[in-house]
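Asker: Sharing a structure, written as structure tokens. Questions coming.
The values are calculated or read from the model by the stated rules, or taken from the named source; none is laboratory data. Predicted model, so just to flag it, every value in this text is computed and none were measured. Reconstructed Cβ throughout: ideal geometry from the backbone, glycine too, with neighbour counts over all protein chains shown.
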């Protein structure tokens with residue numbers, strides 16, 4: 001079987017490795033238990049996490065055992081990496097609820113049956129630590145000078161780094177040590193912004209256990225301009241269909257920049273690399289075929305083939321000339337609701353085009369809402385039956401997100 005290290009390298013995942021030759025040899029020689037941590041700071045994973053999930057799936061398909069580490073403990077502290085402000089504090093109940101939703105989303109990609117993968121929560125060992133013992137046993141292995149030189153801390157020194165956040169690296173390193181002891185976990189993987197934290201864990205195991213441990217980071221999901229992908233003018237692209245509907249999810253990938261298509265196909269799908277390169281090499285209007293493949297594959301992976309097919313049909317109905325709009329995302333609205341008229345913000349929430357009136361207000365104020373071809377500029381606009389043509393009204397959010405409202 002092909003060494004998974006070469007697979008990940010060929011597809012563009014790998015950024016840094018603590019001991020590259022040793023890691024290559026290890027992954028080619030035996031089944032390796034590895035982990036990636038996910039702090040449940042929200043009630044859904046988003047596109048940025050998806051790349052890490054795909055990495056785990058590649059590793060498992062090659063015979064290695066993933067540990068999904070839910071950061072029930074570390075979430076209460078907050079990782080300063082890449083952050084300009086301190087993370088919002090969540091209660092233990094909120095963190096646990098978020099973690100439960102993560103489990104459901106992971107099960108689509110990782111096989112947890114028969115011990116093939118493990119899911120654990122670092123709250124199990126972090127929340128009941130004896131502070132003095134922890135400082136004496138673990139804290140003594142960390143140099144403050146070295147920690148301050150880490151990028152995750154350097155970036156925050158000018159704006160303010162709390163002592164609470166300063167502990168994050170030690171806690172994450174302790175996670176690695178615990179997983180090593182409990183499950184013989186030899187490798188931590190993560191985004192390249194986790195490099196400093198991963199080094200801390202590798203060094204800790206080598207000092208405390210006098211045993212080899214390894215770290216591997218992969219590229220962050222960025223576009224051709226170096227900006228993180230998975231963000232829109234209306235917020236993050238979530239994996240939860242309640243937060244980002246399948247049609248919106250499909251449209252996000254259908255509209256990526258031409259220059260990003262091949263990279264996204266390589267990193268986020270399991271298509272063979274020959275096919276990825278063929279699609280990535282398409283030029284002019286032909287590149288749209290590659291974008292359709294990308295959007296369909298990702299929507300199928302996240303939301304299932306039926307939802308992917310519906311999203312694709314809706315998109316084609318909206319953009320193919322002369323097509324029937326019956327496949328477009330549609331809400332049927334009782335005519336009685338419009339007898340006295342309906343405020344535009346209430347209508348947006350009613351049909352699910354925005355999650356709240358506040359989001360709808362921002363959408364209108366930013367000039368991103370259209371009724372038919374007319375832009376809506378007034379948050380107090382009252383929509384009546386007269387605004388409908390043959391009982392239908394097309395709403396558009398941004399450039400590409402359409403929703404059809406039908407009166408019944």
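Asker: For residue 225, are the conditions met, namely being surrounded by fewer than 20 Cβ atoms within 10 Å (Cβ to Cβ), closer than 22 Å to residue 65 by Cα and either modelled with pLDDT of 85 or more or not assigned by TED's automatic domain parsing to the domain that holds residue 8 (or both)?
Answerer: The answer is no for residue 225.
Asker: Oh, and also: Under 22 Å from residue 253 (Cα atoms), at pLDDT 85 or above and in contact with a strand residue (DSSP E or B) (Cβ under 9 Å, 6 or more places away or on another chain): which single residue out of 404, 363, 348 fits that description?
Answerer: Selected residue: 363, the only one of 404, 363, 348 that is under 22 Å from residue 253 (Cα atoms), at pLDDT 85 or above and in contact with a strand residue (DSSP E or B) (Cβ under 9 Å, 6 or more places away or on another chain).
Asker: Before we move on, is residue 336 modelled with pLDDT under 90, surrounded by fewer than 15 Cβ atoms within 10 Å (Cβ to Cβ) and in a helix (DSSP H, G or I)?
Answerer: Answer is yes for this residue.
Asker: Also: Residue 311 is checked against (1) over 23 Å from residue 57 (Cα atoms); (2) modelled with pLDDT under 95; (3) surrounded by fewer than 19 Cβ atoms within 10 Å (Cβ to Cβ) and fails just one. What number does that condition carry?
Answerer: Unmet for residue 311, out of (1) over 23 Å from residue 57 (Cα atoms); (2) modelled with pLDDT under 95; (3) surrounded by fewer than 19 Cβ atoms within 10 Å (Cβ to Cβ): (3).
Asker: So which residues in segment 262-278 are in a helix (DSSP H, G or I), surrounded by fewer than 22 Cβ atoms within 10 Å (Cβ to Cβ) and free of Cβ contacts under 8 Å to residues at least 60 places away in the same chain, if there are any at all?
Answerer: If the condition is that a residue be in a helix (DSSP H, G or I), surrounded by fewer than 22 Cβ atoms within 10 Å (Cβ to Cβ) and free of Cβ contacts under 8 Å to residues at least 60 places away in the same chain, then 262, 274, 275, 277, 278 are the ones that fit.
Asker: Any idea which residue in segment 88-102 is modelled with the lowest pLDDT, counting only those that are outside any helix (DSSP H, G or I) and within 25 Å of residue 241 (Cα to Cα)?
Answerer: 88
Per-residue answers, yes or no, for (1) farther than 23 Å from residue 212 by Cβ; (2) over 21 Å from the mean Cα position of the chain (by Cα); (3) modelled with pLDDT of 95 or more; (4) outside any strand (DSSP E or B):
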{"site": "35", "(1), (2), (3), (4)": "no, no, yes, no"}
{"site": "56", "(1), (2), (3), (4)": "no, no, yes, yes"}
{"site": "59", "(1), (2), (3), (4)": "no, no, yes, yes"}
{"site": "72", "(1), (2), (3), (4)": "yes, no, no, yes"}
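Asker: Now a separate question. Limited to segment 208-224, what total is found for residues that are free of Cβ contacts under 8 Å to residues at least 12 places away in the same chain and either in a loop (DSSP other than H, G, I, E, B) or closer than 15 Å to residue 19 by Cβ (or both)?
Answerer: Total meeting the criteria: 1.
Asker: If I go through segment 138-165 residue by residue, how many of them are surrounded by 15 or more Cβ atoms within 10 Å (Cβ to Cβ), touching a helix residue (DSSP H, G or I) at 6+ places or on another chain (Cβ under 7 Å) and at pLDDT below 75?
Answerer: 5
Asker: Additional query: Any chance segment 368-389 includes a residue that's within 17 Å of residue 244 (Cβ to Cβ) and surrounded by 15 or more Cβ atoms within 10 Å (Cβ to Cβ)?
Answerer: Checked segment 368-389: at least one residue is within 17 Å of residue 244 (Cβ to Cβ) and surrounded by 15 or more Cβ atoms within 10 Å (Cβ to Cβ).
Asker: I'd like to verify a number: residues in segment 111-136 that are within 20 Å of residue 72 (Cα to Cα) and either at pLDDT 90 or above or surrounded by 13 or more Cβ atoms within 10 Å (Cβ to Cβ) (or both), how many?
Answerer: Looking only at that region, the number is 13.
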